[in-house]
Amino acid sequence: LETEQPFVLTGIGFDYLEGTFTAPINDGGALARRMYEFCPDIVDQGTETVQALATELRKGRLYFWWD
């Protein structure tokens, strides 16, 4: 992911990872789908739709968590 959409990690724990993207999001929809495949909780328990996640990604924040 970092190669395609550069980011810096700002936090990491046993059940989460967070950071900020260092460049504008190239394709928010594609990135949101990819992130959802890796961590469904960010949509299923968070934004509720992949499109809403894509909108959130435009803010430049990277976040994953697992229950």
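The values are calculated or read from the model by the stated rules, or taken from the named source; none is laboratory data. All values reported here derive from a predicted model rather than from experimental measurement. Positions of Cβ are generated from backbone atoms using ideal geometry, with glycine treated the same way; all protein chains shown enter the neighbour counts. Heads up: the accessible areas ignore ligands, DNA and RNA and are worked out on the full protein's heavy atoms, side chains in. Shrake-Rupley method; radii C 1.70, N 1.55, O 1.52, S 1.80 Å.
With a 1.4 Å probe rolled over the protein heavy atoms of all chains, the accessible area of Thr55, Thr10 falls in the order Thr10, Thr55, largest first. The ratio of the alpha-carbon radius of gyration of the chain to the globular-protein estimate 2.2 N^0.38 Å is 1.01. The heavy atoms of Phe21 offer some 20 square angstrom of accessible surface to a 1.4 angstrom probe. Taking trypsin sites (Lys or Arg not before Pro) across the chain, the ones in a DSSP loop with at most 10 further Cβ atoms lying within 10 angstrom of their Cβ are Lys59.
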